[in-house]
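The next block holds one structure in the form of structure tokens; read it before the comments.
The values are calculated or read from the model by the stated rules, or taken from the named source; none is laboratory data. Note that the coordinates shown come from a computational prediction; the quantities given were computed from them, not determined experimentally. Don't worry about glycine lacking a Cβ; one is built from the backbone with ideal geometry, like all the others, and counts go over all protein chains shown. Calculation scope for accessible area: heavy atoms of the full protein, side chains included, ligands and nucleic acids excluded. Shrake-Rupley method; radii C 1.70, N 1.55, O 1.52, S 1.80 Å.
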Amino acid sequence: MVNQFIREVRRRFQRLEGNIYLIETAMFGNEQQYINRCLQTAKVSTIGEEVSQLEKSVAKRLRVKYAVATSSGTAALHLSLMVCGVRMDDLVITQPFTFIATANAIQHAGAQPAFVDIDRSTLGLCPDALSRFLDTETRMVQSFCFHRQSGKRISACMPVHTFGHPGRMLEIIDICQQYNIKVVEDAAEGLGSRLNNESDGSLGDFGVISFNGNKIVT
Ligand SMILES: Cc1ncc(COP(=O)(O)O)c(C=O)c1O
């Protein structure tokens, strides 16, 4: 079913636009000029005018308080989990249908992914499956959520806006709040997507977007 859906999207897209090469970064604007400016000011670093401007414009566009540039989306997912208090041997809920970086970031934080299924309408984490999983397979101890079978603490949930298609974030956040679970939105593919005027990545405790050369803005 999901494969069929993806093929259909691709077929429609090709008819409109021709081939879209994943590995080719499109540079139609002032990129060369900006790169030259960085070289001229010797600010080829994690700081500099361009970085601050990017942070400001992303925060404005997503209507969030702060945006912080990191070296990659994967690093940002990892850092977000650490700031959420994810510890060694915790479980972090995520979806099996995603790019490998989602699960990698969880492992980088020393935790393990607990996979919950996606739904057909969004291809993102299914709130009904999430609710079922938490209702039947966990118990609360001193306001923390523990997985019954493994005894591990579930400290965070990382839903993905698959292909940038907005996930059912409000429902997911509502469920997670009931179990004291932090939400890190993997909106790596979601820059520019909105649902009911809420941008991908703007609702959870943290939201991550990626500027990898294969992403929408590049
Ligand atoms: C869903 C998803 N999560 C995370 C990442 C990681 O982002 P980055 O390549 O910037 O590390 C990507 C893309 O690469 C992605 O598609």
Hits in region 154-179 (condition: under 25 Å from Gly73 (Cα atoms) and either more than 20 Å from the chain's Cα centre (by Cα) or part of a loop (DSSP other than H, G, I, E, B) (or both)) | Pro159, His161, His165, Pro166, Gly167, Arg168
Which ones in region 159-186 are open to solvent by 40 Å² or more (accessible area, probe 1.4 Å), within 14 Å of the ligand (Cβ to nearest atom) and either at negative phi or touching a Cys at 6+ places or on another chain (Cβ under 7 Å) (or both)?
-> His165
Give me a count of the residues in region 71-90 that are in a loop (DSSP other than H, G, I, E, B) and at pLDDT 95 or above.
-> 8
Could you check Ile93 against (1) part of a helix (DSSP H, G or I); (2) in contact with a Cys (Cβ under 9 Å, 6 or more places away or on another chain); (3) under 21 Å from Phe163 (Cα atoms) and say which number it fails?
-> (1)
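Return the residues of region 98-122 that are in a loop (DSSP other than H, G, I, E, B), surrounded by fewer than 21 Cβ atoms within 10 Å (Cβ to Cβ) and more than 10 Å from the ligand (Cβ to nearest atom); say none if nothing qualifies. Can you show your working first?
Narrowing region 98-122 to residues in a loop (DSSP other than H, G, I, E, B): 98-99, 109-111, 116-117, 119-122.
Then drop every residue that is not surrounded by fewer than 21 Cβ atoms within 10 Å (Cβ to Cβ), which leaves 99, 110, 117, 119-122.
Of everything in region 98-122, those that are in a loop (DSSP other than H, G, I, E, B), surrounded by fewer than 21 Cβ atoms within 10 Å (Cβ to Cβ) and more than 10 Å from the ligand (Cβ to nearest atom) turn out to be Gly110, Asp117, Asp119, Arg120, Ser121, Thr122.
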Can you name the residue in region 44-90 that is touching a strand residue (DSSP E or B) at 6+ places or on another chain (Cβ under 7 Å) and within 16 Å of the ligand (Cβ to nearest atom) and is also farthest from Cys145 (Cα to Cα) among such residues?
-> Gly73
If you go through region 24-40 one residue at a time, how many are at pLDDT 70 or above and loosely packed, with under 12 Cβ neighbours inside 10 Å?
-> 9
Per the filter on region 187-218, residues open to solvent by 30 Å² or more (accessible area, probe 1.4 Å), within 9 Å of the ligand (Cβ to nearest atom) and in contact with an Asp or Glu (Cβ under 6 Å, 6 or more places away or on another chain) are none
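Looking at this structure, is Leu91 open to solvent by less than 50 Å² (accessible area, probe 1.4 Å) and of a type in the set (A, V, I, L, M, F, W, C)? Don't jump to the end; show me each part of the working.
Details: open to solvent by less than 50 Å² (accessible area, probe 1.4 Å): yes; of a type in the set (A, V, I, L, M, F, W, C): yes.
So Leu91 fits the description; yes.
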